[in-house]
Structure formats: structure tokens, C-alpha cells
Amino acid sequence: MNKKQQRRQALIYHTKPQPGKIEVVPTKSYRTQRDLALAYSPGVAIPCQEIDKKVENIYKYTNKGNLVAVISNGTAVLGLGDIGPEASKPVMEGKALLFKIFADIDVFDIEINEKDPKKFIEVVKAIAPTFGGINLEDIKAPEAFEIEDCLKSELDIPLMHDDQHGTAIISCAALINALELANKKISKVKIVISGAGAAAISCTRLYQSFGVEKENIVMLDSKGVIKKSRKNLTPQKAEFATDRNIDTLSEAMEGADVFVGLSQPNIVDQSMLLSMANDPIVFAMANPNPEIDYSLACQTRADIIMATGRSDHPNQVNNVLGFPFIFRGALDVKATKINEAMKMAAVKSLAALAKEPVPEQVNIAYEETKLNFGRDYIIPKPFDPRLIVEIPPSVAKAAIDSGVAREEIKDWEEYKGRLEERLGGHQKILRMIHDRAKSAPKRIVFAEADQLDVIKAAQIIYEEGIGIPVLLGNKEVILNLMDSIDFMDKITIIDPKTDEFKESREEYANAFWESQKRRGKTLYECNSLLRERNYYAAMMVREGEADAMLSGFSRKYPAVVKPIFEVMGKIKGVDRVAATNLMLTKRGMIFLSDTSINVNPTAKELAKIAHMTSKAVKLFGVEPVIALLSYNNFGSSPFPEAKKVSEAVELLHRMHPELIVDGPVQSDFALNNEMLEERFPFSILNKRRVNTLIFPNLDAANITYKIIKELDNTLSIGPILMGLKHPAHILQLGASVDEIVNMSAIAVIDAQEKQKIKYSK
């Protein structure tokens, strides 16, 4: 993506469908006059009186307990510097977004037009009663130290300057694990800290809390080594001044065990790296470009353990691993502060989590066979669902043990259950899908590329690295559409009707005829069909000229299905292709089958649909828990429609005993475990969350998924075709740009899996 495109898309993203990235939504009913009378006058006076009697009741009757303020004066925003409070607001809204999606914490972003630390402190103190916690952000040093220290001492709510402590906590967890792998004692290691800003100072202090000796630390700023002989040092820099007679980074690196970079890109060269001790630990955290290039560092030292701030390398030091979960734990016990004990608890929890077996969905998200604790995995990944159930409890326990909690947690397992409920989040699942696709992008043929929304989606797919688009359609139309959205990259464009592609068209026609000549098709007919984009796209995939195809945006489903089925054929052992829709609901992922293909499947076909769906579910790192739905429960009806489902369940139990599947069961019992356990305690679905629903016919499946989608504004991805030899997927008529992008990611994942199977044979 060039700068012009990036600028345009960033501005569109922050403008549409409405300006900004966050909004305030009601949590109570407001539909009737009674509701409004309770929400405001006269009913609102009652909780006011209760809070007036006892101020702690504010946590009981308001959102204070789940509300954090992200506060900045805009003096040190990203790499932009002092750009002021107004210009910092998009960043603060972004922070608010991360709090919400990772830990379900509500945020008001507050930008204060005040650089004077004392005045800034007074403003924050004045508004503090509104909030359960305060996250200071993008405030320049040394003022950041003064502001944080003063507010921590005068406020009775958790407060943290994330630029300092977030980086410190995550990097400290990584350091502990790296030292273990290098077989080095923390009290003995020599550390070089490049940078002397708020983050560097905080990191160094936390490292000391875990045992790093002060005499083993060398810190550098833009003027070189911070020495005791230097004049006019800030108190924070003076704290780490060395008496060693060295001046440069090169001198400091000789014999060092650890390098921590929070400074500038490309300041470490190969000779410096080679001068370090055995098994050097290098945390090059300057963003977007680290102090030394990751590949260069690894080529220079085979024994290196390295982390960066980037997501495209192993061991990303990302603050999102920390601040949402630290505040979550602090808020849940109504802590009066975030103290050293709580930060150290977060460090220990993160370090320990990296040593635990990694959930399959995390392996899938990062296209790993199996992530294991080691040099390329010293801290958890940001998409690890265990973060919210591991870090907040450790922080909360530390708050209780250190005496800063107003409220204790009695049942820790119940608390972890509540935390899991908060995890939900459509966007996390989408990020996992997109990241999985990005790990090994594939060529995607868009058979309807003369449509603006398809072109928009193709641009996103290309620029995000999800896949490599191949555009089919009228070349002039496509180029004009690309020009209209500044999509100027060199993308393959094919118009099967033109003479330019006559040779490939004829080759495909001959290959297609070979598979169809005993099914009544003539070579002439095949040549004619290959002028149609869906046939041409399908043949491209079949012949290995592309990896997957998408169609269906502008044509009815049957018209798109027919060429795909004819060209691609079914996987051996599959009698009927089926389709599933992934619904991203409030309760998490739910798969619905068959939503598009089979009108009234037999018992045998239902069983095969369920089995194929189970394989699709596993692609997302989820263990399928399958309910076969009916209007009856467990054979209570004698009618053939119900018996069909019972027979399908019997077949599945006999042929695939490894599957967690049961039925026939009504949909409310399938989704309500308490109801199911009370009435049908024998079902193997008890104490499990059903995530896969198999419907008895097309009517039931299609109607259900569209009702869910429209009534609850649930995001749907699909239909995902199952049982084809090659990756092909069909869009809903008039699909949105986001839906096309999501289906493209699914198509890439499908291609990845089919390639694995092919090469494994």
C-alpha cells in the first residue's frame, strides 16, 4: 500500500460509517415511559441517595467499576511527538477500542489541553470520581514521571502510564523466559538499555525488581552512555548512571548478555552483536523498524534469542498482552492502585503462560504446527484466549494480598468463568482468521471483478497480505474501477472472452471436455462455456493456475454452483457437497449446516454433512460439539422427519465415535445447557457448549441463519462449501466488502489445508 492509498483508507476508516472508533450505548431498557422514569427522573434519585449515604455504592449503581479513562495531553504521540490533545484523540480512541475488545472494559478518552504537569494533575484529580481506573497515555518524559507519581499518591483508583509499565511488564516476562533458555542467572547478567525515556526507565526498574543488579546496567540516551560524570542529568537518568569508563553503544555491547532497545532503528550493527556474550538476548523494540533487522540479527548470531515490537517476527513485545488484563483484574477487586506486586504478578503470569501447552486455535492463527516454549516463543501471542483467564486473576490476587483491594473474590473458578464470558468478541475471531490467511497467502480468482465492491475487497486482500487477487472480467471496466479507488498495484486481469486468452481458453476447454465427454458435452460446447468467467475461474483452480475462487456477488446461487460442481468435482468418498455458515454470535462461533445446497437430505446424507462440518470447525481450532436439530427431542416423535434425524445420529455414533454429537434435539435445548441437563441428563452434550448445529433440511437451516443475521445483527461468514476437490466459495448475492474480504480469508485457509493434504500424500 502506497502512502496515498494508506492515507485515503485510514481517513475513510475513521470517518465511516460514523466518525471515530467508539460510541456509548445503553445497558438498560429504555422502551417505555416506565423505563425512562427509572433511568432518569424521578427514579434516578433513589440510587443518588444511596450513594450519598455510602460513597462505595457508586460501584453498585453506576458503571464506575468497569470504566477507565484514557488520558493524554498529546505531548508524545507515537512517533509524531508533541501534536497536541486534539490530534492525539484518534490514538486515545484506539486505546479505548483495545480495552473493550480484549477485556470488555468501557473507556472514555479524555484529551487535556495542558502541558504544565501541576495543572494537568489538578484536572485529572478533579475528574477522577467518574472512573474506576485511569490509563495515562502519550505524555512526554520527564513530566510523565511527575504526573504519574503524584496521581498515584493522591488518587484511590488504579492508575498506570502504559507507555512505561506496559512495555516493562511484557518485556520483563520475555526476559525471564529468555534467561531460562539461555541458562543465565538474572543477578549476573550484563544489560545494555538503549533509550532513557519513560518506557526505558520503567523497564529497567522492573528488571531490577526481579533481580538485575544496578552495577550490571548500562543505559544510553541520544548523547551516549549515561555516566556519573555527565552534568545536568534528570533524576531518572541519574538513577542509572554508570561509573564505567565507556562512551558509546559499541563499547557497552562488548560482553553484554542482554540488549534492550527502546530508541532508534538500525543503531546496532553486526560487529556489536558479535561482541556480545554467548546466547545473547536482544529485545529490539523500536517501532516500526527495530534497532537491528530481525533477519540480519539471526543470520549474524545463530545462538540469539530475539524479540521485537513487530507482529511479523516471533516474540512480539506488544502492550496489548498487558494493560487490558491488568486493569481487568484491578477493576474486578475495586483496587485503590496498581502497585508493584500487581505488576510483578502480571509478569509472572505471562512468563508462566508461555510454558503451557498452546491451544490449537492459537497454532492455527499463526500457521504453526505446534507452538512450544523456546527461543521463538518466549511470550504468549496476543490472540491467546487464555490471557483473560490467567492474567486478571493473578493481578486480582496480588491486589488482595497486598492490601489494595476493596473487594475480595471468593470463588476463583466462578470468576474465571465470568472472564471467559467476556472473551466473546467477533473481531478477535476475524483477526484469527485473517492472520491465518496472511501466514501463507494464496492466489484467489475473483470471477466478478467488474463490480466496484469486489474490486474494493480485492484491494484490501492484496494490501493486507491476505491473498493474491486475480481479476476476471472486462479489462477496461476493471482498470477504471481500480483507478477510482487508487488501486494502482500490478494485478493480473483476465478477460476470458478476448483473443488475448484464446490459447488458455482452448487448453482449459480441452481439459474440461476430457472429463465431460461421457456426460454429453461436446468440445464445441466446452469451448463456449470457457468464455464464461465462472467456468474459466474454476478451471484455473483445477489446473493449478490459481489456488481458490470466489463468485456469486452479482449472480444467483444456482448459476454459480453449476459450473463449480461440473469443473471441480467432489472429494473421494463424498456423495453430496454441503455448505456451512459461520455465525459470530454473542456466545461465540456457531456453525450452521446445510444452509445452501441440500434441500432434504437423507439420514445418511445428514450424517455425512455433520462429519464434513466437524472437519470445517476444526480448521478454526475449535473442538466441534454437534447437535442434530429437529422439532422433537431424542426420538419423541414417530414421524419420518424425526426418525431421519435419529437414524443420522445413530450412524454418526457408529461410524464416528470420536465425535461429540447428539440428537435429535430441539434448538432451545441444544443451546441451553441447564434445560438439557434437567430434562435429558443422559445426553453427551451436557456440560458442553454446542457450537455446531445440523438442520434437518435446507428450509430450516437457511431461514434460521438469515433470521439470526438480521435480527441480532450477527456477522455471518459463508456459505463455506464442503466436499469439493478444490477451494471454491460462493458469496451471498450483493455481499458487502467486509463479507467478501472474510470469505476470501476462508478461501485462502481452505487452499492452505487442501495443499497440506496434497503434499502429505
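Descriptive notes on the structure:
- Residue in the stretch 593-602 that is modelled with the highest pLDDT, counting only those that are surrounded by 19 or more Cβ atoms within 10 Å (Cβ to Cβ) and over 17 Å from VAL690 (Cα atoms): PRO601
To keep it simple, each residue is scored yes or no on (1) buried (at least 21 other Cβ atoms within 10 Å of the Cβ); (2) free of Cβ contacts under 8 Å to residues at least 60 places away in the same chain.
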{"residue": "GLU677", "(1), (2)": "no, yes"}
{"residue": "ARG689", "(1), (2)": "no, no"}
{"residue": "PRO727", "(1), (2)": "yes, no"}
{"residue": "ILE740", "(1), (2)": "yes, no"}
{"residue": "ALA747", "(1), (2)": "yes, no"}
{"residue": "ASP750", "(1), (2)": "yes, no"}
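- Candidate set from the stretch 105-141 (those that are in contact with a helix residue (DSSP H, G or I) (Cβ under 6 Å, 6 or more places away or on another chain) and of a type in the set (S, T, N, Q)); member that is farthest from ALA199 (Cα to Cα): ASN113
- None of ILE127, ILE121, ILE176 is assigned by TED's automatic domain parsing to the domain that holds ILE201, of a type outside the set (Gly, Ala, Ser) and part of a helix (DSSP H, G or I) except ILE176.
- When we screen ASP162, ASP247, ASP221 for residues that are under 21 Å from ALA345 (Cβ atoms) and touching a residue at least 12 places away in the same chain (Cβ under 8 Å), the only hit is ASP162.
- Once the stretch 470-496 is narrowed to residues that are in contact (Cβ under 8 Å) with a residue 40 or more places away in the chain and surrounded by 17 or more Cβ atoms within 10 Å (Cβ to Cβ), the residue that is farthest from GLU532 (Cα to Cα) is PHE487.
- Where VAL218 falls short, out of the listed (1) part of a strand (DSSP E or B); (2) within 34 Å of the chain's Cα centre (by Cα): (2)
- Residue that is farthest from GLN208 (Cα to Cα) [pool: residues in the stretch 243-260 that are out of contact with any Phe, Trp or Tyr (no Cβ under 8 Å at 6 or more places or on another chain) and crowded, with 19+ Cβ neighbours inside 10 Å]: LEU249
- Failed condition for SER153, given (1) under 32 Å from the mean Cα position of the chain (by Cα); (2) part of a helix (DSSP H, G or I): (1)
- Residue within the stretch 275-291 that is in contact with an Asp or Glu (Cβ under 7 Å, 6 or more places away or on another chain), charged (D, E, K, R) and either touching a residue at least 60 places away in the same chain (Cβ under 8 Å) or over 15 Å from ALA196 (Cα atoms) (or both) present: yes
- The residue that is nearest to the chain's Cα centre (by Cα), among those in the stretch 438-494 that are under 30 Å from LYS756 (Cα atoms) and small (Gly, Ala, Ser), is SER439.
- Scanning the stretch 228-255 for residues that are over 28 Å from ILE304 (Cα atoms) and not in a loop (DSSP other than H, G, I, E, B) yields PRO235, GLN236, LYS237, ALA238.
- Note on the stretch 641-659: residues that are in contact (Cβ under 8 Å) with a residue 12 or more places away in the chain, within 36 Å of the chain's Cα centre (by Cα) and farther than 16 Å from ILE609 by Cβ total 0.
Residue-wise test of (1) over 28 Å from LYS28 (Cα atoms); (2) among the β-branched types (Val, Ile, Thr); (3) within 26 Å of the chain's Cα centre (by Cα); (4) at pLDDT 90 or above.
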{"residue": "VAL44", "(1), (2), (3), (4)": "no, yes, no, no"}
{"residue": "GLN49", "(1), (2), (3), (4)": "no, no, no, yes"}
{"residue": "LYS53", "(1), (2), (3), (4)": "no, no, no, yes"}
{"residue": "ASN63", "(1), (2), (3), (4)": "no, no, no, yes"}
{"residue": "ILE71", "(1), (2), (3), (4)": "no, yes, yes, yes"}
{"residue": "THR75", "(1), (2), (3), (4)": "yes, yes, no, yes"}
{"residue": "LEU78", "(1), (2), (3), (4)": "yes, no, yes, no"}
{"residue": "PRO85", "(1), (2), (3), (4)": "yes, no, no, yes"}
{"residue": "PHE99", "(1), (2), (3), (4)": "no, no, yes, yes"}
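- Of all residues in the stretch 250-261, those satisfying the criterion of being farther than 9 Å from GLU291 by Cβ and in contact (Cβ under 8 Å) with a residue 40 or more places away in the chain are ALA252, MET253, GLY255, ALA256, ASP257, VAL258, VAL260.
- Of all positions in the stretch 535-542, none carries a residue that is without any contact (Cβ under 8 Å) to a residue 60 or more places away in the chain and either of a type in the set (S, T, N, Q) or part of a loop (DSSP other than H, G, I, E, B) (or both).
- Of the residues making up the stretch 477-518, those that are β-branched (Val, Ile, Thr) and farther than 16 Å from ILE460 by Cα number 4.
- Of residues in the stretch 180-202 being in contact with a strand residue (DSSP E or B) (Cβ under 7 Å, 6 or more places away or on another chain) and over 24 Å from ARG244 (Cα atoms), the one surrounded by the most Cβ atoms within 10 Å (Cβ to Cβ): ALA182
- Boolean, ILE444 is of a type in the set (A, V, I, L, M, F, W, C), in contact (Cβ under 8 Å) with a residue 24 or more places away in the chain and in contact with a strand residue (DSSP E or B) (Cβ under 9 Å, 6 or more places away or on another chain): yes
- For VAL320, the conditions (1) buried (at least 19 other Cβ atoms within 10 Å of the Cβ); (2) farther than 16 Å from ALA168 by Cα are fulfilled apart from (2).
- Selection status of ASN287, out of contact with any Ser or Thr (no Cβ under 6 Å at 6 or more places or on another chain) and at positive phi: no
- Some residue of the stretch 342-354 being more than 28 Å from GLU407 (Cβ to Cβ) and surrounded by fewer than 18 Cβ atoms within 10 Å (Cβ to Cβ): no
- Number of residues in the stretch 24-48 that are assigned to a helix (DSSP H, G or I) and either surrounded by 10 or more Cβ atoms within 10 Å (Cβ to Cβ) or aliphatic (A, V, I, L, M) (or both) equals 10.
- Residues in the stretch 660-683 that are over 30 Å from the mean Cα position of the chain (by Cα), within 15 Å of SER646 (Cα to Cα) and not polar (S, T, N, Q): ASP662, GLY663, PRO664, VAL665.
- Taken over the stretch 661-714, the residue count meeting the criterion of being farther than 24 Å from ASN598 by Cβ and either in contact with a strand residue (DSSP E or B) (Cβ under 8 Å, 6 or more places away or on another chain) or among the polar types (S, T, N, Q) (or both) is 11.
- If you go through the stretch 585-619 and pick out every residue that is in a loop (DSSP other than H, G, I, E, B) and either closer than 15 Å to SER716 by Cα or in contact with a Gly (Cβ under 6 Å, 6 or more places away or on another chain) (or both), you end up with 5.
- In the stretch 618-652, the qualifying residues are those that are touching a strand residue (DSSP E or B) at 6+ places or on another chain (Cβ under 9 Å) and on the phi > 0 side of the Ramachandran plot, and the one that is modelled with the highest pLDDT is PHE634.
The values are calculated or read from the model by the stated rules, or taken from the named source; none is laboratory data. Small disclaimer: the values here were computed from a predicted structure and weren't measured. Don't worry about glycine lacking a Cβ; one is built from the backbone with ideal geometry, like all the others, and counts go over all protein chains shown.
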